[in-house]
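The block underneath contains the structure these notes are about, expressed in C-alpha coordinates.
The values are calculated or read from the model by the stated rules, or taken from the named source; none is laboratory data. Since the structure is predicted, the reported quantities are computational estimates derived from the model, not experimental observations. Positions of Cβ are generated from backbone atoms using ideal geometry, with glycine treated the same way; all protein chains shown enter the neighbour counts.
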Amino acid sequence: MNWIILIIGGLFEVGFTTCMGKAQGSTGTTALLWWIGFVLSVSLSMYLLHRATLTIPMGTGYAVWAGIGAIGTAIMGMIVFKEPAEFWRLFFIFTLIASIVGLKFVTD
(Lines give C-alpha, C1' and ligand atoms only; values in the text may rest on other atoms or scores of the structure.)
Protein backbone atom coordinates (compact mmCIF):
# COMPACT_ATOMS: atom_id res chain seq x y z
CA MET A 1 0.00 0.00 0.00
CA ASN A 2 2.83 2.44 0.78
CA TRP A 3 4.24 2.02 -2.72
CA ILE A 4 0.89 3.20 -4.10
CA ILE A 5 0.95 6.16 -1.69
CA LEU A 6 4.48 6.96 -2.89
CA ILE A 7 3.43 6.84 -6.54
CA ILE A 8 0.47 9.12 -5.88
CA GLY A 9 2.80 11.50 -4.04
CA GLY A 10 5.09 11.53 -7.07
CA LEU A 11 2.12 12.35 -9.30
CA PHE A 12 1.26 15.29 -7.05
CA GLU A 13 4.86 16.43 -7.53
CA VAL A 14 4.16 16.51 -11.26
CA GLY A 15 1.03 18.47 -10.41
CA PHE A 16 2.85 21.12 -8.44
CA THR A 17 5.53 21.66 -11.06
CA THR A 18 2.89 21.90 -13.79
CA CYS A 19 0.83 24.35 -11.72
CA MET A 20 3.94 26.44 -11.09
CA GLY A 21 4.71 26.59 -14.81
CA LYS A 22 1.14 27.51 -15.71
CA ALA A 23 0.96 30.14 -12.95
CA GLN A 24 4.11 31.83 -14.23
CA GLY A 25 2.51 32.21 -17.65
CA SER A 26 -0.82 33.51 -16.30
CA THR A 27 -2.15 36.69 -14.74
CA GLY A 28 -4.96 37.71 -12.43
CA THR A 29 -7.45 35.15 -11.15
CA THR A 30 -6.11 32.44 -13.42
CA ALA A 31 -2.63 32.78 -11.94
CA LEU A 32 -4.09 32.76 -8.42
CA LEU A 33 -5.93 29.50 -9.12
CA TRP A 34 -2.76 27.91 -10.49
CA TRP A 35 -0.84 29.03 -7.37
CA ILE A 36 -3.55 27.53 -5.14
CA GLY A 37 -3.21 24.29 -7.11
CA PHE A 38 0.55 24.51 -6.58
CA VAL A 39 0.23 24.88 -2.80
CA LEU A 40 -2.29 22.04 -2.51
CA SER A 41 -0.23 19.75 -4.74
CA VAL A 42 3.08 20.41 -2.98
CA SER A 43 1.44 19.89 0.42
CA LEU A 44 -0.15 16.60 -0.60
CA SER A 45 3.02 15.45 -2.32
CA MET A 46 5.18 16.04 0.76
CA TYR A 47 2.61 14.48 3.09
CA LEU A 48 2.33 11.35 0.94
CA LEU A 49 6.14 11.09 0.73
CA HIS A 50 6.27 11.27 4.52
CA ARG A 51 3.56 8.60 4.89
CA ALA A 52 5.22 6.24 2.41
CA THR A 53 8.64 6.51 4.04
CA LEU A 54 7.27 5.32 7.37
CA THR A 55 7.77 1.79 5.96
CA ILE A 56 9.81 2.29 2.77
CA PRO A 57 13.49 3.18 3.33
CA MET A 58 13.95 6.96 3.09
CA GLY A 59 16.65 6.83 0.40
CA THR A 60 14.62 4.53 -1.82
CA GLY A 61 11.36 6.38 -1.21
CA TYR A 62 12.84 9.76 -1.98
CA ALA A 63 14.60 8.49 -5.11
CA VAL A 64 11.41 6.93 -6.45
CA TRP A 65 9.30 9.99 -5.55
CA ALA A 66 11.80 12.38 -7.16
CA GLY A 67 12.14 10.11 -10.19
CA ILE A 68 8.39 10.01 -10.75
CA GLY A 69 8.33 13.79 -10.44
CA ALA A 70 11.24 14.24 -12.83
CA ILE A 71 9.84 11.86 -15.44
CA GLY A 72 6.31 13.24 -15.17
CA THR A 73 7.50 16.83 -15.26
CA ALA A 74 9.64 16.17 -18.34
CA ILE A 75 6.70 14.52 -20.10
CA MET A 76 4.33 17.34 -19.09
CA GLY A 77 6.92 19.82 -20.34
CA MET A 78 6.87 18.16 -23.73
CA ILE A 79 3.07 17.92 -23.88
CA VAL A 80 1.87 21.10 -22.14
CA PHE A 81 4.80 23.50 -22.57
CA LYS A 82 5.91 22.26 -26.02
CA GLU A 83 9.47 21.47 -24.92
CA PRO A 84 11.53 19.41 -27.37
CA ALA A 85 11.12 15.62 -27.39
CA GLU A 86 14.54 14.75 -28.76
CA PHE A 87 16.02 11.23 -28.89
CA TRP A 88 18.53 11.67 -26.05
CA ARG A 89 16.00 13.29 -23.78
CA LEU A 90 13.59 10.38 -24.27
CA PHE A 91 16.43 7.88 -23.93
CA PHE A 92 17.42 9.21 -20.52
CA ILE A 93 13.80 9.39 -19.37
CA PHE A 94 13.52 5.68 -20.15
CA THR A 95 16.75 4.91 -18.28
CA LEU A 96 15.35 6.79 -15.29
CA ILE A 97 12.18 4.69 -15.47
CA ALA A 98 14.30 1.52 -15.55
CA SER A 99 16.24 2.73 -12.49
CA ILE A 100 13.04 3.41 -10.53
CA VAL A 101 11.65 -0.03 -11.38
CA GLY A 102 15.00 -1.54 -10.34
CA LEU A 103 14.84 0.22 -6.96
CA LYS A 104 11.37 -1.22 -6.38
CA PHE A 105 12.61 -4.75 -7.05
CA VAL A 106 15.64 -4.55 -4.78
CA THR A 107 13.79 -2.97 -1.84
CA ASP A 108 11.69 -5.02 0.55
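In summary, Ala63 fulfils each of the numbered conditions (1) of a type outside the set (Ser, Thr, Tyr); (2) modelled with pLDDT under 95; (3) buried (at least 18 other Cβ atoms within 10 Å of the Cβ) with the single exception of condition (3). Within segment 10-21, identify whether any single residue is among the β-branched types (Val, Ile, Thr), in a loop (DSSP other than H, G, I, E, B) and buried (at least 18 other Cβ atoms within 10 Å of the Cβ), and answer yes or no. There is no residue in segment 10-21 that is among the β-branched types (Val, Ile, Thr), in a loop (DSSP other than H, G, I, E, B) and buried (at least 18 other Cβ atoms within 10 Å of the Cβ). Hey, does segment 74-86 have a residue that's surrounded by 14 or more Cβ atoms within 10 Å (Cβ to Cβ) and among the small types (Gly, Ala, Ser)? Yes, segment 74-86 contains at least one residue that is surrounded by 14 or more Cβ atoms within 10 Å (Cβ to Cβ) and among the small types (Gly, Ala, Ser). For segment 25-52, a tally of residues being touching a residue at least 24 places away in the same chain (Cβ under 8 Å) and either assigned to a loop (DSSP other than H, G, I, E, B) or buried (at least 17 other Cβ atoms within 10 Å of the Cβ) (or both) returns 8. The numbered conditions (1) more than 19 Å from Ile4 (Cβ to Cβ); (2) touching an Asp or Glu at 6+ places or on another chain (Cβ under 9 Å) are all true for Ile68 except (1).
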